[in-house]
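The values are calculated or read from the model by the stated rules, or taken from the named source; none is laboratory data. Being a predicted model, the structure only gives us computed values, none of them experimental. All Cβ positions, glycine included, derive from the backbone under ideal geometry; neighbour counts span all protein chains shown.
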Amino acid sequence: MGKIPFPLPSCDQPATGRIEIYTPVDGDAFGSLDASVYACTSHETDVIAAAWTVNLTAYRIEMLPGINRTCSEFYAYLTGNFGGAR
């Protein structure tokens, strides 16, 4: 699995939101979907701010029913900039 280029919270609470992380490409803030980071209510804003700090776009998505993740879990898409396939 790839790495996220910003610090994630150290938390094991249930995630309440999924934060999509994008790398801007050619002026498009949503150019490349690179990762999804799961966060609890207390850390959603922290994850979004950390992404924006390193010039990435962060967009919060509601968790789908039946999906159980822990705060600070992430998935780096293999075809994205953090996944290692490029």
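Got a sec? Which of Thr41, Thr45 is surrounded by fewer than 20 Cβ atoms within 10 Å (Cβ to Cβ) and touching a Gly at 6+ places or on another chain (Cβ under 8 Å)?
Thr41
Quick one: would you say Thr57 is surrounded by 14 or more Cβ atoms within 10 Å (Cβ to Cβ) and modelled with pLDDT of 95 or more? Break it down stepwise before answering.
Working: surrounded by 14 or more Cβ atoms within 10 Å (Cβ to Cβ): yes; modelled with pLDDT of 95 or more: yes.
It is true that Thr57 is surrounded by 14 or more Cβ atoms within 10 Å (Cβ to Cβ) and modelled with pLDDT of 95 or more.
Are any residues in the range 59-86 more than 12 Å from Gly17 (Cα to Cα) and either small (Gly, Ala, Ser) or not in a loop (DSSP other than H, G, I, E, B) (or both), and if so, which ones? Before the answer, list the steps.
So in the range 59-86, the residues more than 12 Å from Gly17 (Cα to Cα) come out as 66, 75-86.
Correct list: Gly66, Tyr75, Ala76, Gly80, Gly83, Gly84, Ala85.
Take the range 12-37 and flag every residue that is in a loop (DSSP other than H, G, I, E, B) and buried (at least 16 other Cβ atoms within 10 Å of the Cβ).
Those that are in a loop (DSSP other than H, G, I, E, B) and buried (at least 16 other Cβ atoms within 10 Å of the Cβ): Ala15, Thr16.
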